[in-house]
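Student: Below you will find the structure I want to go over with you.
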Amino acid sequence: MPTLLKHSVGIDVSKKDLDACFSTINNDLEVKIKSTKKLKNTTSGHKELIAWVEKHRKEKVHVVFILEATGIYYERLAISLYNEGYEVAVTLPSKSKKYMQSLGLKSKNDKIDAKGLSRMGAEQKLDAWIPFSKNIYELRSLTRQNEDLQKQKTAAINRLESQNQGHRPDKFVCRQLNCLIKLIDKQIDQVKEQISKCIDKDPLLKEKVENVMTIKGLGIITVATVVAETNGFLLFKNQKQLVSFSGYDIIENQSGKRVGKTRISKQGNSHIRRAMHMPAFNMVRYKQGNMPHHYERVFERSGMKMKGYVALQRKLLVLIYTLWKKNEPFDPQYHTSSNEEQKLLFSHCSEGIKKVPEQAGTLDGHPCNESQEVLFSQS
């Protein structure tokens, strides 16, 4: 007789409602849906959800909850379940979408999504979710507020420029826009000050941030954003996971003799990519390590400056990760030659350094005759 391995509860989360699906998987790898339920995304709704799960749960059988990372709406439920001692997994919508497409699901609604998530949680072993600490959560709120203010400032500047370039600029509107820009500048300064205070409250966090900021041209806002969005790199086992999480992973488009454009996926955390934009320019301006040389090689190969800067964004992000993990300052004199870079740029795994086969190509197409470490060694 088949033995139950685990229960999986897939939950499609919206602002007001929860669509839940309870399923099981046995040792024959048969997934069966046992029950579905619609609840409110409130504290009482969370308690009702737990009671419903315990009603259908077989004694001593492990249960896992799987949710999509839909904005901030999933967070209260995830924290409630985590505090009750349940295992919670949070997946990116793009990942669950691809999984459901592989099942041949053509229709889409909340109930179907919940069933797909439940099946995904039953069939796959997903990484357990860990909530942000109070400090990191505060830091994330502040960095996202800074990002929103920067967007508002850009919009106000564009409207002011539009007014000034018009046939008859409205002086009243121009005065208001100037006042708005000054107000936003003041609020940006206040947010930056609050970010510094938040970091200073945690001695270890402060030490690590200061070590990362020894990279010239890298400001506290960028470092705080990366740390806050990744929860201090808590769940990342290697650099490839970080690159994928941030949307810097490479997407190839090639079939037979046809070779399409190679690009980054952009299916990841957009806050990180936005924060890394300006520092990439600074790496070339301040000539940090071999960053300018790497930029020139990518630009020479592709003929596109922005492609070179995007490559620097990814390289800089991994450098931040490495310095954070090792808790060491940046050494601008420590760099490798082009022949020592690997094809995938960074291919570390949690077990150690992967070796590159002889004659393997690097990211920029140069030959690589020896197996070497990547730019920055890992602890």
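Student: Output the residues belonging to region 226-248 that are hydrophobic (A, V, I, L, M, F, W, C) and not in a loop (DSSP other than H, G, I, E, B). Break it down into steps so the answer makes sense when it comes.
Tutor: Taking region 226-248 and keeping what is hydrophobic (A, V, I, L, M, F, W, C), we get 226-228, 233-236, 242-243, 245.
Hits for region 226-248 are 226, 227, 228, 242, 243, 245.
Results for (1) in the same structural domain as residue 282 (by TED's automatic domain parsing); (2) surrounded by 17 or more Cβ atoms within 10 Å (Cβ to Cβ); (3) free of Cβ contacts under 8 Å to residues at least 12 places away in the same chain; (4) under 29 Å from the mean Cα position of the chain (by Cα), shown as yes or no for each residue.
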residue	(1), (2), (3), (4)
151	no, no, yes, yes
165	no, no, yes, no
171	no, no, yes, no
180	no, yes, no, no
184	no, yes, no, yes
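Student: Mind telling me which of the residues 14, 23 ends up being among the small types (Gly, Ala, Ser), at pLDDT 90 or above and farther than 15 Å from residue 121 by Cα?
Tutor: Details: 23 fails: farther than 15 Å from residue 121 by Cα.
The match here is 14.
Student: Going residue by residue through region 20-39, is there one that turns out to be without any contact (Cβ under 8 Å) to a residue 60 or more places away in the chain, crowded, with 21+ Cβ neighbours inside 10 Å and within 12 Å of residue 118 (Cα to Cα)?
Tutor: No, there is no match, as no residue in region 20-39 is without any contact (Cβ under 8 Å) to a residue 60 or more places away in the chain, crowded, with 21+ Cβ neighbours inside 10 Å and within 12 Å of residue 118 (Cα to Cα).
Student: Hey, another quick one. Looking at (1) in a loop (DSSP other than H, G, I, E, B); (2) at negative phi; (3) modelled with pLDDT under 95; (4) surrounded by 12 or more Cβ atoms within 10 Å (Cβ to Cβ), which one does residue 215 not meet, given that it meets all the others?
Tutor: (3)
Student: Also: Taking residue 71 as meeting all but one of (1) small (Gly, Ala, Ser); (2) touching a residue at least 40 places away in the same chain (Cβ under 8 Å); (3) surrounded by fewer than 13 Cβ atoms within 10 Å (Cβ to Cβ), write down the number of the exception.
Tutor: Unmet for residue 71, out of (1) small (Gly, Ala, Ser); (2) touching a residue at least 40 places away in the same chain (Cβ under 8 Å); (3) surrounded by fewer than 13 Cβ atoms within 10 Å (Cβ to Cβ): (2).
Student: Does region 295-329 hold any residues that are outside any helix (DSSP H, G or I) and charged (D, E, K, R), and which are they?
Tutor: 328 - this is the single residue of region 295-329 that is outside any helix (DSSP H, G or I) and charged (D, E, K, R).
Student: Another one. Return the only residue of 114, 155 being over 21 Å from the mean Cα position of the chain (by Cα), farther than 28 Å from residue 237 by Cβ, modelled with pLDDT of 95 or more and surrounded by 12 or more Cβ atoms within 10 Å (Cβ to Cβ).
Tutor: Numbers: 114 fails: modelled with pLDDT of 95 or more.
Only one candidate passes the filter, namely 155.
To keep it simple, each residue is scored yes or no on (1) touching a Phe, Trp or Tyr at 6+ places or on another chain (Cβ under 9 Å); (2) of a type outside the set (Ser, Thr, Tyr).
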position	(1), (2)
41	yes, yes
57	yes, yes
61	no, yes
95	no, yes
107	no, no
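Student: Of the conditions (1) closer than 30 Å to residue 23 by Cα; (2) out of contact with any strand residue (DSSP E or B) (no Cβ under 6 Å at 6 or more places or on another chain); (3) among the hydrophobic types (A, V, I, L, M, F, W, C); (4) crowded, with 17+ Cβ neighbours inside 10 Å, residue 130 clears all except one; give me its number.
Tutor: (4)
Student: Another question, if that's okay. With 6, 60, 55, 16 as the choices, which residue is on the phi > 0 side of the Ramachandran plot and either exposed (fewer than 12 other Cβ atoms within 10 Å of the Cβ) or in contact (Cβ under 8 Å) with a residue 40 or more places away in the chain (or both)?
Tutor: Details: 6 fails: on the phi > 0 side of the Ramachandran plot; 55 fails: on the phi > 0 side of the Ramachandran plot; 16 fails: on the phi > 0 side of the Ramachandran plot.
Answer to the check: 60.
Student: Among the residues that make up region 70-87, is at least one of them touching a Gly at 6+ places or on another chain (Cβ under 7 Å), of a type outside the set (Phe, Trp, Tyr) and farther than 19 Å from residue 235 by Cβ? So that I can check it myself, show each step before the final result.
Tutor: To start, the set of residues in region 70-87 that are touching a Gly at 6+ places or on another chain (Cβ under 7 Å) comprises none.
No: zero hits.
Quick grid of which residues meet (1) in contact (Cβ under 8 Å) with a residue 40 or more places away in the chain; (2) in the same structural domain as residue 141 (by TED's automatic domain parsing):
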{"position": "187", "(1), (2)": "no, yes"}
{"position": "190", "(1), (2)": "no, yes"}
{"position": "224", "(1), (2)": "yes, no"}
{"position": "252", "(1), (2)": "no, no"}
{"position": "257", "(1), (2)": "no, no"}
{"position": "263", "(1), (2)": "no, no"}
{"position": "266", "(1), (2)": "no, no"}
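Student: A further question on this structure: Give the residue, chosen from 241, 254, that is polar (S, T, N, Q) and closer than 23 Å to residue 131 by Cβ. Spell out the reasoning first.
Tutor: Numbers: 254 fails: closer than 23 Å to residue 131 by Cβ.
On inspection, the qualifying residue turns out to be 241.
Student: Continuing with the same structure: Residue 270 is checked against (1) in contact (Cβ under 8 Å) with a residue 24 or more places away in the chain; (2) assigned by TED's automatic domain parsing to the domain that holds residue 308 and fails just one. What number does that condition carry?
Tutor: (1)
The values are calculated or read from the model by the stated rules, or taken from the named source; none is laboratory data. Bear in mind the structure is a predicted one, so any value in this text is a computation, not a measurement. Virtual Cβ from ideal backbone geometry, glycine too; neighbours counted across all protein chains shown.
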